[in-house]
1. Taking segment 189-215, which residues are among the aliphatic types (A, V, I, L, M), closer than 30 Å to Phe246 by Cβ and in a loop (DSSP other than H, G, I, E, B)?
2. Does any residue of segment 218-232 turn out to be modelled with pLDDT under 85, in a helix (DSSP H, G or I) and over 30 Å from Val28 (Cβ atoms)?
3. What residue, of Arg57, Arg80, is among the charged types (D, E, K, R), in contact (Cβ under 8 Å) with a residue 12 or more places away in the chain, open to solvent by 50 Å² or more (accessible area, probe 1.4 Å) and in a helix (DSSP H, G or I)?
4. Failed condition for Asp249, given (1) modelled with pLDDT of 95 or more; (2) assigned to a helix (DSSP H, G or I), with all others met?
5. So, in segment 114-151, exactly how many residues are closer than 20 Å to Ile36 by Cα, out of contact with any Pro (no Cβ under 7 Å at 6 or more places or on another chain) and among the aromatic types (Phe, Trp, Tyr)?
6. How about segment 44-85: which of its residues are more than 14 Å from Leu285 (Cβ to Cβ) and under 14 Å from the mean Cα position of the chain (by Cα)?
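The values are calculated or read from the model by the stated rules, or taken from the named source; none is laboratory data. Bear in mind the structure is a predicted one, so any value in this text is a computation, not a measurement. All Cβ positions, even for glycine, are placed from backbone atoms using ideal geometry, and neighbour counts span all protein chains on display. The accessibility values were calculated without ligands, DNA or RNA, using every heavy atom of the protein model including side chains. Shrake-Rupley method; radii C 1.70, N 1.55, O 1.52, S 1.80 Å.
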Amino acid sequence: AYAARTGGILVGPYIEGQYFALWLNRTVATRLHLQIPERGLTWTAFLDLARTMAEYRAAGEPAAFLYDSSDWLTSQFLFRHLVQSEFADLAEAERAEVTLGKRAALAKALHAFEDLGRYAPLIDGHATQDWFATRARPLHGDCLFYIAGTWMFSHWRGLDAQAMLNLVPIELPVFQPVKHTLGGYIPTWAVLARAPARDAGVALLMSWCTPDIAARWVTYTKNPTGLRGDLSRLDDSSDPYEQFMFDQDRKYGAHVAVATDPSYVLGLAGVTEAGRFDQHLRDLLTGSTTAAAVVADLQPFIGPVAHGAADTGVGTPNAAATSPESRP
């Protein structure tokens with residue numbers, strides 16, 4: 001059954017996985033008396049938090065709303081998640097093509113980022129700081145949120161295991177509930193066809209495809225796994241990182257996907273225009289451009305936006321995503 005999913009080739013177990021999360025610094029949230037839902041966060045509630053943080057910042061609060069860096073704009077994953085939440089069908093959401101629904105979802109998410117940009121959400125120095133050199137800033141209370149994969153647990157725990165306890169993963173905000181999220185699984189190892197010890201290698205891979213390995217992976221790394229193990233024991237876990245894994249696995253299962261470029265909204269042009277697109281997102285978050293201006297610049301790649309989308313910021317919602325019967 002496993003090999004059938006990979007065209008008959010045993011490429012290696014999907015041990016390594018990830019979910020994308022909104023990492024919350026609980027120390028900052030507690031100090032500012034912020035009540036933040038860890039599951040089911042809506043875009044409206046997220047925007048309200050940005051507004052509140054802007055007011056605190058104006059009064060002298062040092063912590064920013066959102067961390068980002070010059071060489072890796074992780075806010076792109078928030079944008080992707082918002083667009084994806086406009087579609088009930090994950091396959092449609094991740095398909096590298098421009099459709100009427102994609103253009104409307106793109107316009108809606110661009111206007112959402114323009115709204116967020118009014119509250120100067122990005123951390124000081126975001127345009128010049130290197131990600132690797134400054135990835136510890138969320139640990140030290142320099143911001144309320146950081147958007148990244150669950151693999152950040154290993155990064156931060158290696159830097160400061162005690163400060164790591166200040167950070168917990170919560171669900172990214174959505175326009176409306178859907179039955180999929182950002183994440184994925186990676187086949188890390190493979191056995192070469194002409195390997196001198198091919199049979200032993202295959203046996204090793206098969207031994208890794210066990211419930212025990214799945215449970216250990218989640219326990220050690222706080223990341224999901226593509227292997228099916230007995231994860232029900234995590235249901236009562238007091239560990240917030242394991243609990244997040246369990247909740248996401250139970251809620252979404254294999255319905256996860258993530259893109260490494262904006263082809264999900266720009267079609268094949270997204271492969272070559274990723275840098276340009278990320279700059280647009282940064283400019284929206286700094287208030288130096290508008291959604292309408294971005295739509296105009298992307299016009300050669302996306303064609304006409306659905307009537308009213310560029311003007312109102314609402315767009316034409318995907319009927320399948322917003323119909324009551326399609327919601328969880």
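1. Ala190
2. Looking through segment 218-232, at least one residue is modelled with pLDDT under 85, in a helix (DSSP H, G or I) and over 30 Å from Val28 (Cβ atoms).
3. Among Arg57, Arg80, only Arg57 is among the charged types (D, E, K, R), in contact (Cβ under 8 Å) with a residue 12 or more places away in the chain, open to solvent by 50 Å² or more (accessible area, probe 1.4 Å) and in a helix (DSSP H, G or I).
4. (1)
5. So the answer is 2.
6. Scanning segment 44-85 gives Trp72, Arg80, His81, Val83, Gln84, Ser85.
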